[in-house]
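Quick notes on the structure that follows.
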């Protein structure tokens, strides 16, 4: 049973560029949430996708956008990258139909903006 | 504004010691409190608590929730070097998780 998988694992981008991160949820899960974790901090909620729609959004600018596909996988896009966007980006999956039990996390994508 | 506060932020102990990690919260639409262990990247699930006063145990780890006083504790007995990690507390409310800053635990041989 595959857990949550994210790609790529590491990424280096230049300020002003755009980046796309990918996530496949755990088998049987239908909801994907994205989190940003800066060094030494707890993860911060970016947004959540269910049924291919953004259901909730945290306090992040519109430069952060996402998408969910019919197979429940998801993408996180960040435009006009800033140095402050450097962080570990975590994807978590849950099952809305099962009542949103514990969230399982992927290994994350380490994004460095130079 | 919803918030989750963990204490202490860091802790250094020796193998065999017992530690208690604290988590307090102020979150609207509280549904559950979760503890995670983060060693390198992916937080790994430890416990989910929804009811007050019911202790959950897994080996040397245990946790309890007090919904009246809005806090939870995570206990680790007979610590081992493999317990060294960041321990994250998160409160589930309205579908999202609100995390604390984490407690960095270092267990020395």
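For the protein assembly as shown, the extents of the C-alpha atoms along the principal axes are 48, 38, 38 Å, listed from largest to smallest. Rounded, prolate or oblate: which fits segment B:24-80, taking a ≥ b ≥ c as square roots of the Cα gyration tensor eigenvalues, rounded meaning a/c under 1.5, else prolate when a/b beats b/c? Oblate is the answer for segment B:24-80, as a/c is 1.5 or above yet b/c matches or exceeds a/b.
When chain A is treated as a Gaussian network with alpha carbon springs shorter than 10 Å, the biggest mean-square fluctuation among A:81, A:11, A:39 belongs to A:39. Averaged over the residues of B:95-108, the number of partner chain Cβ atoms lying within 10 Å of the residue Cβ comes to 4.
Counting neighbouring Cβ atoms within 10 Å and putting the fewest first, the residues B:56, B:40, A:26, B:96 line up as B:40, B:56, A:26, B:96. Taking every DSSP bridge with both residues inside chain A, close to 90 percent are antiparallel. Do you know the relative contact order of chain A, to the nearest whole percent, from alpha carbon pairs under 8 angstrom that are 6+ apart? For chain A, the relative contact order is 36 percent.
Calculate the FRET efficiency for residue B:78 and residue B:52 from the Cβ-Cβ distance with a Förster distance of 35 Å, rounded to the nearest 0.05. After rounding to 0.05, the efficiency reads 0.85.
Note on chain A: GNM, Cα springs under 10 Å; of A:68, A:56, A:44, the largest mean-square fluctuation is that of A:56.
Shape annotation for segment A:63-109: C-alpha extents along the principal axes are 38, 21, 14 Å, from largest to smallest. Segment A:1-80 and segment B:1-60 have Cα centres separated by 24 Å. Each residue, residue A:83 and residue B:108, gets one label point 7 Å from its Cα in the Cβ direction; the gap between the two is 3.6 nm. A viscosity of 0.890 mPa s and a temperature of 25 °C, combined with the Kirkwood radius over C-alpha pairs in the Stokes-Einstein formula, give chain B a diffusion coefficient of 177 µm²/s.
The simple spin-label model puts a point 7 Å past each Cα toward its Cβ; for residue A:54 and residue B:31 those points are separated by 2.0 nm. Using C-alpha pairs under 8 Å with a sequence gap of at least 6, the mean separation divided by the residue count of chain B gives a relative contact order of 38 percent. Here the scattering of segment A:14-56 is modelled by Debye summation over its C-alpha atoms, one equal scatterer each and no solvent; at q = 0.19, 0.24, 0.27, 0.28 Å⁻¹ the log10 of I(q)/I(0) is -0.77, -1.00, -1.06, -1.08. In a Gaussian network model over chain A where Cα atoms closer than 10 Å are linked, find which of A:33, A:24, A:95 has the largest mean-square fluctuation. Ranking A:33, A:24, A:95 by mean-square fluctuation puts A:95 first. What shape does chain A take by its C-alpha gyration tensor, where a ≥ b ≥ c are the square roots of the eigenvalues and a/c under 1.5 counts as rounded, a/b above b/c as prolate, and the rest as oblate? Since a/c reaches 1.5 and a/b is larger than b/c, the shape of chain A is classed as prolate.
Only the coordinates and a few stated rules stand behind these numbers; no lab work does. In this text, all values refer to a predicted model and were calculated from it rather than measured experimentally. Cβ: placed from backbone, ideal geometry, glycine included. Neighbour counts: every protein chain shown.
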